[in-house]
Amino acid sequence: MKKGVLIGLFTGLLVTIHPYFSLAAAVNETSQQSDIIQESSSQEQEGHLQEETASDLEQESITEELHIPEETTKFIIPKGEQMVETEQIDLSLHKESSGEFSPVYGYENPFLGRDTSNGVILEFYAKPNWEVHELGAIVAFCGSGDYDGRLYFSPGSYLGFNSDLFGGYFDANIYNYTLVTDYIRDGAKIRIELLPGGFSVYANDILCYDQTILSDSSAGVGDFTPESDFSSVLTWLSGAEALYFGYGSWWNTVGTNEANIDLSQVNFRLQDGTVVFDRLEVEKDVIESLGGKDDIKGQTAGEIKLEEVSVELFDINSVEYTGISVLPVMTAIVIGVAVIAVTLMVYALKKREYEDEGEIN
C-alpha cells in the first residue's frame, strides 16, 4: 500500500509540474522570436540610414559640381509633407548639437510682393523658457541677391536691420553686443511698427522705444538716425524671400544664440489692417523628433493619407515594450509543489504507534 501511495504522489507531482515547464519553454521560444524580429528591424533601419547618408553625399557632390553661389542656397525654407497648424512653437529647438544650427520654422515672406510703402505691423506673444540670448532671433526676415539683408528682433528686445543696398544698418536697444533693456521679461505681447518715418516697439501696449533710441550711443547705433527716411527698409521687406522664427540673425551658434522663447499669437499685417500671416504651421514629425510639443489644433494644413495613419498606429517599432521574465515565478511554483509533495510522502510513510487500550472481552 505504501508503494502505491508513493507512485500516486510522484505521478501527481509530474502532472502538476509539466504544464509550468511547457509554458516556460513557450515563453522562452517567444522571447527568442522577438529578439530575431527586433534584430531584423534594426538591420532594416541601418539599411535606410545608409541609403539616406548616400543620398545626402550625392546631393552635396551635385552642389559642388554646379558651384552654386552661397547666397542662392543660404535661406532654405523647411517644408514638410505633413504640416499641421499649432497654437505655439518652441524656438529653442534645432537638430544640431554643435556649430551653427539650421532653421526649424521657415516660411515664405508673407510681405513678398506686397505694397509695404505705408508701413507694416509685427505682433506676437513671447514667453521665455530659459536664459536670454540677446543676439538670437525670435523673428527674422532674410533676403539675398538684389535684396540681400536681414531684419530681426531678438529675445533681448533688440531690433536690427542690415542691407547695404537699402540704406545700411541700424541696431536698436543693444550696446557692444550686450543687452540694454529686456522688455519681454517673464512674457509679453510685442508689437513692432515699421513706418516710413521710423519704428516703434511696444510691450503689452506700452512703448519701449522708437527710432529716437538711435541718437543714444549707449543703446543704439547705425547708418540710420532718428531723422532718416525708413522707406527703404519697407521696400526691402517687400522683396526679401524668407521668414524665420528662432533663426535668422547674424548669430546662430548652438548653445549661445537659441531664442529660448515659446512663441504664439502671431499676427503680421499691413498698416491698413490687412493680415498677411496669422497661422503657425509646423512639420509634425520634425517637431516631435526634436522633443517639442506642437499643440495641434486637430487639423492639418495638407492632406494626410489613410495608409500613412495606419502605419503610424500599428508600427511595432514605434512602441517601446518593457517586461519581466516568468521563469522565476514558475520556478517558485514548482518548488512549492515539490515541498508539499515531499511533506505528504513523509507523512504517509511515517510509522504510527497506537496505545494499548487493554484486551477486548
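Data overview
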item: Meets criteria (of a type outside the set (Asp, Glu), open to solvent by less than 60 Å² (accessible area, probe 1.4 Å) and at pLDDT below 95) for Gly136; result: yes
item: Yes/no for Asn118 being modelled with pLDDT of 95 or more, in a loop (DSSP other than H, G, I, E, B) and either under 25 Å from Tyr209 (Cβ atoms) or open to solvent by less than 10 Å² (accessible area, probe 1.4 Å) (or both); result: yes
item: Matching residues, the range 176-199, being within 33 Å of the chain's Cα centre (by Cα) and outside any loop (DSSP other than H, G, I, E, B); result: Thr178, Leu179, Ala188, Lys189, Ile190, Arg191, Ile192, Glu193, Leu194
item: Pair list, Cβ < 7 Å and 6+ apart or interchain, from the range 248-262 residues that are closer than 13 Å to Tyr105 by Cβ to residues that are open to solvent by 10 Å² or more (accessible area, probe 1.4 Å) and among the small types (Gly, Ala, Ser); result: Glu258/Ser92; Ala259/Ser92
item: Answer residue from the range 264-283, given it is open to solvent by less than 30 Å² (accessible area, probe 1.4 Å) and in contact with a Gly (Cβ under 9 Å, 6 or more places away or on another chain) and is modelled with the lowest pLDDT among those; result: Val282
item: Number of positions in the range 102-115 that are open to solvent by 10 Å² or more (accessible area, probe 1.4 Å) and not in a strand (DSSP E or B); result: 8
item: Top-ranked residue of the range 218-246 - restricted to ones that are among the aliphatic types (A, V, I, L, M) and part of a helix (DSSP H, G or I), ranked as nearest to Thr116 (Cα to Cα); result: Leu234
item: Qualifying residue in the range 148-157 (condition: more than 18 Å from Leu122 (Cβ to Cβ) and either touching a residue at least 40 places away in the same chain (Cβ under 8 Å) or crowded, with 19+ Cβ neighbours inside 10 Å (or both)); result: yes
item: Enumeration of residues in the range 231-263 that are open to solvent by 10 Å² or more (accessible area, probe 1.4 Å) and of a type in the set (Gly, Ala, Ser); result: Ser231, Ser232, Ser238, Gly239, Gly255
item: Neighbours by Cβ (under 7 Å, 6+ apart or cross-chain): first from the range 205-222, closer than 21 Å to Arg185 by Cα and modelled with pLDDT of 95 or more; second open to solvent by 40 Å² or more (accessible area, probe 1.4 Å) and not in a helix (DSSP H, G or I); result: Cys208/Tyr183; Cys208/Tyr202; Ser218/Tyr175; Ala219/Tyr175; Ala219/Val180
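The values are calculated or read from the model by the stated rules, or taken from the named source; none is laboratory data. In this text the structure is predicted, and so the values were computed from the model without any measurement. Positions of Cβ are generated from backbone atoms using ideal geometry, with glycine treated the same way; all protein chains shown enter the neighbour counts. The area values use the complete protein model at the heavy-atom level, side chains included, leaving out ligands, DNA and RNA. Shrake-Rupley method; radii C 1.70, N 1.55, O 1.52, S 1.80 Å.
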